[in-house]
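A quick write-up on the structure given underneath.
The values are calculated or read from the model by the stated rules, or taken from the named source; none is laboratory data. Because the structure is predicted, anything quoted here is derived from the model rather than measured. No Cβ is skipped: glycine too gets one built from the backbone with ideal geometry, and neighbour counts run over all protein chains shown. Ligands, DNA and RNA are stripped out before the accessible areas are found, and what is left, the full protein with its side chains, is counted by its heavy atoms. Shrake-Rupley method; radii C 1.70, N 1.55, O 1.52, S 1.80 Å.
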Amino acid sequence: YAATLLQRSVVRQWDRAGGEEREAYERLTAVTKAWITWQSRAVMSECRERCGAQGLIQANGIALQLASIEGTITAEGDNTVIMQKAGGEMLLGGVDLKPESEIGAEDRELTDPQFLEDLLADVERISHTRAKARLRKRAASPLARWNSTVTPAVALADAHVHRLAAEALLTAAAQAPSGLPADLLRALHALFALRRIAAHSGDLLARGRVTAIQVESLPDAVEEVLGFLEPHALTLTGAFGISEEILETHPMLSS
C-alpha cells in the first residue's frame with residue numbers, strides 16, 4: 001500500500017512539475033523507482049517463502065515475478081547508483097528537511113500518527129547530520145571523503161523516501177471514507193511507520209526523540225496493529241482489484 005500510494009503521489013507531482021522544480025522531481029522519481037523496486041523484491045521474496053514449494057512453480061507467477069523485479073532494479077538506472085547520486089545531491093541542498101517537533105516525546109503516544117510522522121522526519125534529519133559530518137572530515141582525497149560519506153548519504157535518500165511513503169499512506173487515510181476504510185489505512189500507516197522507527201530506535205533514543213518506555217513498547221505496538229489488521233487481510237488484498245481471470249491462471253489459487 002505504501003509503495004502504490006507513493007507511486008501515485010509522485011506521478012501527480014511529476015505532472016505538475018516545471019521549470020526549476022524539474023530537477024528535484026527527477027530526483028524524487030529516481031529514488032521512488034529504486035525504493036519501490038527494492039520493496040517489491042522484499043515482498044515477493046516473502047510471498048515465495050510463505051507459499052513453500054508452490055512459490056517455486058512458475059505457473060503460480062511468483063518465481064517469474066521475482067526474476068522480472070530483478071530487471072527493474074537495474075533497468076533505467078541501477079538502484080544503488082541512483083541512491084548514491086540522490087544522496088549526494090541531497091547533501092548539497094537537494095532536500096527540504098522538516099523542522100524538529102517542539103513537543104517532547106514524553107508528552108506523546110505511539111498511537112498518534114503525527115508523532116510517528118515526526119519520528120520519521122527525525123530519522124531523515126539524523127541521516128543528513130551524520131552524512132554532513134562525514135563530508136566535512138579531512139580525507140586523503142575527494143574520493144576517500146566521498147567513500148566515507150556515501151553510506152549515510154544513501155541512508156538519507158532512503159529515509160527521505162520512507163517518510164514520503166508514510167505520508168502518502170496518511171494522506172490517503174484522511175481522504176478515505178470515514179469508518180473502516182480510513183481506519184485500515186491509518187493502521188497500515190502505523191504498522192509501516194512503527195517498523196521503520198523500531199529499526200532506528202537507538203538513534204532516536206540517543207537524541208531524546210523517544211523515551212526508553214516508548215522504545216520498549218514498540219514491539220507491543222506493532223503486534224496491536226497487526227491484531228487489528230489481521231481479520232481484514234482479505235479485504236485489503238481484494239482492494240487491489242486483481243481480476244478473477246488472472247487469479248484463476250495460478251494453480252495454487254484455484255485448487
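In table form, for the structure just shown:
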quantity	calculated
Residues satisfying the stated conditions in the stretch 81-96, i.e. of a type outside the set (A, V, I, L, M) and open to solvent by less than 70 Å² (accessible area, probe 1.4 Å)	Gln84, Gly87, Gly88, Glu89, Gly93, Gly94
Which numbered condition Gly208 fails, given (1) in a helix (DSSP H, G or I); (2) surrounded by 10 or more Cβ atoms within 10 Å (Cβ to Cβ); (3) modelled with pLDDT of 90 or more	(1)
Given (1) at pLDDT below 90; (2) open to solvent by less than 80 Å² (accessible area, probe 1.4 Å); (3) in contact with a Ser or Thr (Cβ under 9 Å, 6 or more places away or on another chain); (4) not β-branched (Val, Ile, Thr), number of the condition His250 does not satisfy	(3)
The stretch 80-91 residues that are charged (D, E, K, R), paired with ones that are open to solvent by 50 Å² or more (accessible area, probe 1.4 Å) (beta carbon under 8 Å, 6 or more apart)	none
Sole exception among (1) under 22 Å from Leu28 (Cα atoms); (2) free of Cβ contacts under 8 Å to residues at least 40 places away in the same chain; (3) polar (S, T, N, Q) for Ser201, by number	(1)
Residues located in the stretch 54-73, provided they are open to solvent by 60 Å² or more (accessible area, probe 1.4 Å) and over 19 Å from the mean Cα position of the chain (by Cα)	Gln54, Leu56, Ile57, Gln58, Leu64, Gln65, Ala67, Ser68
Residue, least open to solvent (accessible area, probe 1.4 Å), within the stretch 19-46, restricted to residues that are under 29 Å from Thr237 (Cβ atoms) and of a type in the set (D, E, K, R)	Lys33
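Rundown of residues vs (1) within 28 Å of Ala173 (Cα to Cα); (2) in a loop (DSSP other than H, G, I, E, B); (3) touching a Pro at 6+ places or on another chain (Cβ under 8 Å); (4) at pLDDT below 95, yes/no style:
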site	(1), (2), (3), (4)
Arg8	yes, no, no, yes
Ser68	no, no, no, yes
Gly71	no, no, no, yes
Met83	no, no, no, no
